[in-house]
Amino acid sequence: MTATTLLGALTGLLAATGVIVVLRAITGSPVVARRRESRLAALLAGAGLSRFSPATLVAGSIGAAVTVSAIVLAATGLVVAAAMAGSTAAVMPTLIVRRRARTHATAARASWPEAVDSLAAGIRAGLSLPDAVSALATSGPAPLRAAFGAAALEYRATGSFESALDTLADEARDAVADRVVAALRLGREVGGTTIGDILRTLSTMLREDARLRAEIRGRQSWTVSAARMAVAAPWLTLVLLSTRPEAVTAYSTPAGAVVIVLAGVMSAVAYALMLRMSRLPDLPRLAS
């Protein structure tokens with residue numbers, strides 16, 4: 001079988017898989033489909049990509065799988081390697097969006113101490129608590145302005161500070177935001193100068209938590225990079241070996257295909273374990 005025939009067969013297989021996925025999304029359970037779309041929409045929103053729909057992400061994943069599979073098949077002539085490369089490429093768009101969402105969440109979390117300090121400064125300057133919160137829509141840290149802007153709009157529309165705080169928590173979607181909102185609720189109830197003390201104490205705690213997390217990430221960054229290189233090295237070796245006809249012949253056999261599949265499974269499991277072990281525990285969200 002020639003490489004052109006294999007390429008056509010693989011492209012047809014992937015196209016058929018895409019059609020099946022789309023048909024299942026249309027004819028499958030509406031509740032499950034809505035939940036899946038809701039998760040993807042939340043992921044895109046967290047990454048700052050709300051202008052893209054979940055269907056765009058799915059289409060990009062299928063396109064990446066077909067493209068990468070075709071390139072690997074043309075370069076190596078190994079159907080198994082092309083299929084595994086396509087499977088990896090299919091999940092890459094989602095992984096990239098998740099990484100972007102984590103980056104946005106980290107930037108927002110690092111901005112909360114500054115936001116809390118600004119709230120405390122506004123209250124010392126004589127602003128009411130709702131006015132101090134609304135002012136951060138234009139003068140607050142850039143990663144948090146959208147959330148504070150939504151809270152300010154809610155307050156102007158309803159006149160309810162409780163509703164504005166709910167909007168702030170919903171827009172921020174972060175455990176730190178939940179604690180800031182809880183402190184603001186407490187300060188609203190207690191009133192007086194106590195709110196300034198509460199905000200200053202909260203700011204100190206948030207800065208200490210951010211400092212510890214940054215220190216831990218710095219210490220483990222080289223270990224994570226080394227683990228990624230260890231996972232990628234065997235596949236780079238396979239690409240180099242595929243330039244030799246005898247290696248292509250060996251890996252084209254059933255035994256060679258089994259070796260590649262087992263190596264792919266072990267690489268995926270090792271990478272997943274590395275990510276899980278290097279992930280710092282997050283603060284739990286507070287119930288609203």
Taking the condition of a type outside the set (Lys, Arg) and buried (at least 20 other Cβ atoms within 10 Å of the Cβ), does residue 56 pass?
no
Does residue 259 qualify as being over 22 Å from the mean Cα position of the chain (by Cα), more than 30 Å from residue 129 (Cα to Cα) and either among the charged types (D, E, K, R) or modelled with pLDDT of 80 or more (or both)?
yes
Residue pairs qualifying under the 6 Å Cβ cut-off, at least six apart or on distinct chains, with the first in segment 209-230 being under 26 Å from residue 267 (Cβ atoms) and the second being surrounded by 11 or more Cβ atoms within 10 Å (Cβ to Cβ), are 220/278; 224/278; 227/274
I need a count of the residues in segment 213-255 that are exposed (fewer than 12 other Cβ atoms within 10 Å of the Cβ), closer than 20 Å to residue 85 by Cβ and either in contact with a Cys (Cβ under 7 Å, 6 or more places away or on another chain) or basic (Lys, Arg) (or both).
1
Contact list please: Cβ distance under 8 Å, first residue in segment 54-72 and under 14 Å from residue 87 (Cβ atoms), second residue not in a helix (DSSP H, G or I), pairs at least six apart or on different chains.
72/78
All-but-one check, residue 179 against (1) more than 18 Å from residue 285 (Cβ to Cβ); (2) in contact (Cβ under 8 Å) with a residue 60 or more places away in the chain; (3) among the basic types (Lys, Arg), failing number (1)
Taking segment 142-182 only, how many residues are hydroxyl-bearing (Ser, Thr, Tyr), buried (at least 16 other Cβ atoms within 10 Å of the Cβ) and not in a helix (DSSP H, G or I)?
0
Of residues in segment 67-77 being surrounded by 20 or more Cβ atoms within 10 Å (Cβ to Cβ) and either not hydroxyl-bearing (Ser, Thr, Tyr) or not in a helix (DSSP H, G or I) (or both), the one nearest to the chain's Cα centre (by Cα)
72
What are the residues in segment 89-111 that are under 30 Å from residue 261 (Cβ atoms), in contact (Cβ under 8 Å) with a residue 40 or more places away in the chain and surrounded by 15 or more Cβ atoms within 10 Å (Cβ to Cβ), if any?
94, 97
Hits in segment 122-138 - residues which are more than 19 Å from residue 189 (Cβ to Cβ), assigned to a helix (DSSP H, G or I) and over 33 Å from the mean Cα position of the chain (by Cα):
124
Of everything in segment 139-154, what is under 21 Å from the mean Cα position of the chain (by Cα) and charged (D, E, K, R)? Give them in sequence order.
145
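The values are calculated or read from the model by the stated rules, or taken from the named source; none is laboratory data. Note that this is a predicted model, so its numbers are computed, not measured. We place every Cβ from the backbone using ideal geometry, glycine too, and count neighbours over all the protein chains shown.
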